[in-house]
Amino acid sequence: LLHQKTYLVDGELKTWNGETTEVYSTISSTENYQPTLLGTIPNLGENEAMETLNSALNAYDKGQGLWPTMKVEARIKCMEKFVKQMKTKREEVVKLLMWEIGKNLPDSEKEFDRTVDYIYDTIEDYKQLDRNSAKFEKNDGVYAHIRRGPLGTVLCLGPYNYPLNETFTLLIPALIMGNTVVFKPAKHGVLLISPLMEAFQSSFPKGVVNIIYGRGRVLATPIMQSGKIDVLALIGNSKSANTLQSVHPKGNRLRMVLGLEAKNPAIVLPDADLDLAVSECIAGTLSFNGQRCTALKVLYVHDSLVDEFNKRFSAKVDALKFGNPWEEGVKLTPLPESDKPAYIQELIDDAKEKGANILNEKGGKTSENFIFPAVLYPVSKDMRVYQEEQFGPVVPIISFKNIDEPLDDMAESNYGQQVSLFGKNVNTLAPLIDTLVNLVCRVNLNSSCQRGPDVYPFTGRKDSAYGTLSVHDALRSFSIRTFVASKDN
Ligand code: G3H
């Protein structure tokens with residue numbers, strides 16, 4: 001059991017003697033299903049929320065603090081110290097990723113290693129940042145000595161599906177640019193921050209990073225209401241982002257960096273390599289049980305090959321191995337959100353009532369913490385599985401005769417993150433890609449959707465994102481370009 005007894009404020013790991021919250025895993029350690037108790041976290045209140053906010057504000061000190069005024073090299077040293085200590089915690093964090101959110105071993109290891117790489121890449125990119133002087137074109141002889149400055153104090157809230165990696169894609173660039181941060185870990189994946197608390201405490205000057213534990217509503221709401229936060233950095237759902245933004249006195253003038261929902265489609269054209277399309281769509285729809293914002297959440301397959309696609313796809317889904325995250329070859333794992341199986345079941349029932357069939361034999365078979373992925377066909381627009389971001393193991397398939405059908409759906413959608421396009425003929429693909437890039441931000445040709453590599457811009461249109469994340473872009477998202485105008489070069 002891991003009892004997280006402290007929170008990080010003002011450079012101190014402060015012991016909490018009040019109420020705690022138990023953290024459970026939906027991975028059962030007994031044959032008769034019983035959630036496994038993993039540990040406890042402090043259940044902090046509004047006072048502690050304000051205490052951490054004040055700590056971050058003091059460290060920023062209206063831009064005059066040690067951290068926002070620190071030299072580039074010195075900030076890099078802090079970050080390097082942190083990542084060095086972080087690397088020693090790999091085993092512990094990977095184990096917690098498996099137990100807390102049910103991510104399989106290879107993906108948990110990848111999440112950790114990818115995060116370490118992300119930090120090193122961020123340091124490198126930070127060194128290259130545009131600090132060069134520029135001569136003003138229209139005012140000969142005046143030079144702009146350019147810098148990039150911090151924005152202030154950031155409230156950072158990460159998601160449960162990437163509680164380490166995605167959270168750090170907000171936290172690390174925000175920090176290295178000189179901002180100070182209040183960070184609340186995600187509800188699932190909260191304990192895996194514990195092994196890193198000391199590294200945070202010892203690597204950064206006091207008050208630069210503050211870590212609070214408890215309920216988002218209790219902690220984040222008063223922080224936002226205070227109006228003292230300069231940036232809301234959140235990866236999660238738009239409902240939470242909207243609520244938090246609305247209670248901040250600045251409302252829609254508040255700076256935000258947001259990664260939100262998506263309903264990424266795959267479009268399988270008549271000349272697609274079917275085996276490739278099937279295997280990419282399996283990875284795209286069901287990696288980590290479909291709990292990825294970049295997951296393929298609806299498959300459009302051309303009428304001429306839909307029967308064959310469905311047959312091969314369903315057989316492959318049924319062949320996926322379910323088990324505990326650490327077992328060899330396991331692709332499907334228990335779901336961390338205990339209400340998810342019931343929600344997925346609702347989507348399946350609704351689709352069946354409205355005329356869809358479950359194509360795969362194992363589809364929809366449930367236990368307390370798991371539901372086997374259901375492949376649904378034919379899916380229509382009146383079904384909830386089409387309308388909602390399922391974020392779980394259910395795959396809707398729609399057949400189309402004319403490419404305008406998926407394109408129109410994408411144009412009408414509230415989301416616009418990515419698309420996967422499967423086909424071979426360059427003459428068909430080229431104009432289609434020109435259209436698709438105006439509907440989403442990334443077109444994946446003959447491959448599934450994904451965020452990585454982390455140097456690629458990660459963003460979306462409409463309700464899918466606000467601002468851009470990537471090693472390169474995030475440094476810009478968490479800073480502002482400033483300059484000194486002078487006659488001296
Ligand atoms: O949940 C959204 C993540 O950004 C997905 O990242 O494509 O690397 O799995 P990924």
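Remarks
- Annotation: of all residues in segment 259-285 being in a strand (DSSP E or B) and more than 12 Å from the ligand (Cβ to nearest atom), the one that is nearest to the chain's Cα centre (by Cα) is P265.
- Members of segment 459-477 found to be within 18 Å of G236 (Cα to Cα) and open to solvent by less than 60 Å² (accessible area, probe 1.4 Å), listed by number: T459, G460, S464, A465, G467, T468, L469, S470, A474, S477
- Test result for V394, farther than 20 Å from L170 by Cβ, in contact (Cβ under 8 Å) with a residue 40 or more places away in the chain, away from the ligand (no atom under 14 Å from the Cβ) and among the β-branched types (V, I, T): yes
- Any hit, segment 100-112, residues being in contact with a Phe, Trp or Tyr (Cβ under 8 Å, 6 or more places away or on another chain), within 20 Å of A186 (Cα to Cα) and among the basic types (K, R): yes
- Residues of segment 286-318 that are among the charged types (D, E, K, R) and within 16 Å of the ligand (Cβ to nearest atom): R292, K297.
- Among (1) buried (at least 18 other Cβ atoms within 10 Å of the Cβ); (2) more than 16 Å from the ligand (Cβ to nearest atom); (3) in a strand (DSSP E or B) - the single one T482 does not satisfy: (1)
- The residue that is least open to solvent (accessible area, probe 1.4 Å), among those in segment 433-458 that are touching a residue at least 40 places away in the same chain (Cβ under 8 Å) and away from the ligand (no atom under 11 Å from the Cβ), is V440.
- Output for segment 367-409, where each listed residue is in a loop (DSSP other than H, G, I, E, B), at pLDDT below 95 and either aromatic (F, W, Y) or touching a Leu at 6+ places or on another chain (Cβ under 8 Å) (or both): N369
- Only one of N43, N17, N47, N32 that is under 25 Å from the mean Cα position of the chain (by Cα) and more than 27 Å from D125 (Cβ to Cβ): N43
- Answer residue from segment 158-192, given it is closer than 18 Å to L129 by Cα and of a type in the set (S, T, N, Q) and is farthest from the ligand (Cβ to nearest atom) among those: N179
The values are calculated or read from the model by the stated rules, or taken from the named source; none is laboratory data. What you see is a predicted model, and the numbers here were worked out from it, not measured in a lab. Don't worry about glycine lacking a Cβ; one is built from the backbone with ideal geometry, like all the others, and counts go over all protein chains shown. Just the protein is used for accessible areas: all its heavy atoms, side chains included, with ligands, DNA and RNA removed. Shrake-Rupley method; radii C 1.70, N 1.55, O 1.52, S 1.80 Å.
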